[in-house]
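The values are calculated or read from the model by the stated rules, or taken from the named source; none is laboratory data. Please read all numbers here as calculations on a predicted model, not as lab measurements. Don't worry about glycine lacking a Cβ; one is built from the backbone with ideal geometry, like all the others, and counts go over all protein chains shown.
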């Protein structure tokens, strides 16, 4: 699909308005498979939630800073990578957790909580690692979480609760629907960032790939070290490794030069691809077992 987006970019550029409805559709499909019991179970595990948030805001910005120095990135590119690391989890992590057979209620909880904490932690981490003061658009972030995550998930859960006989036969098709939707979203994002991708250096591509893959790996291993089950480990891996890169791009454009937005733009594409591949691998592994 990405090759098609590269060849016929105009087709997918015209589909840009479909990104938000597609995300909402995925969240609604996820809600059809959830109940209030799932969230109640998550809220009885405060140490798990604290672990996920700590990994998000301690591990990811530190990794970004170390990778930037280790690869001797240009100052603006290193700044953009740190902004990605200092951002909260994104809604894409909820989708990938669902596709990977993880704990969706935990993923949504961590995304919402990290978004709230980002109001304080993202500016502070930016000051710590970049030595720059930035303003975080808290209102628009929370509105996005409400409209794209909470509302459609709640609608799906309500339908599941009130009309279980109608919903149960549909649930088996929800993963396939979510997979098709995320494939189209990746292709659209790829087309939107085609021009900026042409000028990317190998060092930046390596930096973005390392940042994402280390986040995924260390998030998973942290869950293993604390003795959590496989579903929780998968959730931590995806929630830690996938960032709200759209916020990083917006902050870079507002507070720095356009070059600082390139890491976030590249991360937007790469973490969807790596997350999809990882989710597909775990799904295949489950079927084999």
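Here are a few things to note about the model shown:
- Long-range neighbours under 8 Å by Cβ, at least six apart or interchain, first residue on the phi > 0 side of the Ramachandran plot and surrounded by 17 or more Cβ atoms within 10 Å (Cβ to Cβ) within the stretch 69-85, second at pLDDT 90 or above and in a helix (DSSP H, G or I): none
- Test for residue 271: is it in a helix (DSSP H, G or I), under 18 Å from residue 60 (Cβ atoms), modelled with pLDDT of 85 or more and touching a strand residue (DSSP E or B) at 6+ places or on another chain (Cβ under 8 Å): yes
- Boolean, residue 30 is at pLDDT below 85 and closer than 22 Å to residue 279 by Cβ: yes
- Sub-6 Å Cβ pairs linking a first residue in the stretch 247-266 that is closer than 18 Å to residue 121 by Cα to a second residue that is at pLDDT below 80 and not in a helix (DSSP H, G or I), at least 6 apart or interchain, are 251/134; 255/134, ordered by first then second residue.
- Residue count, the stretch 239-255 (criterion: in contact with a strand residue (DSSP E or B) (Cβ under 9 Å, 6 or more places away or on another chain) and in a helix (DSSP H, G or I)): 2
- Any chance residue 284 is over 20 Å from residue 107 (Cα atoms) and either in a helix (DSSP H, G or I) or under 13 Å from the mean Cα position of the chain (by Cα) (or both): yes
- Residue within the stretch 36-56 that is without any contact (Cβ under 8 Å) to a residue 60 or more places away in the chain and within 23 Å of residue 251 (Cβ to Cβ) present: yes
- Check on residue 218, within 16 Å of residue 66 (Cβ to Cβ), assigned to a helix (DSSP H, G or I) and modelled with pLDDT of 90 or more: yes
- Here residue 102 passes the criteria (1) assigned to a helix (DSSP H, G or I); (2) under 22 Å from residue 45 (Cα atoms) except the one numbered (1).
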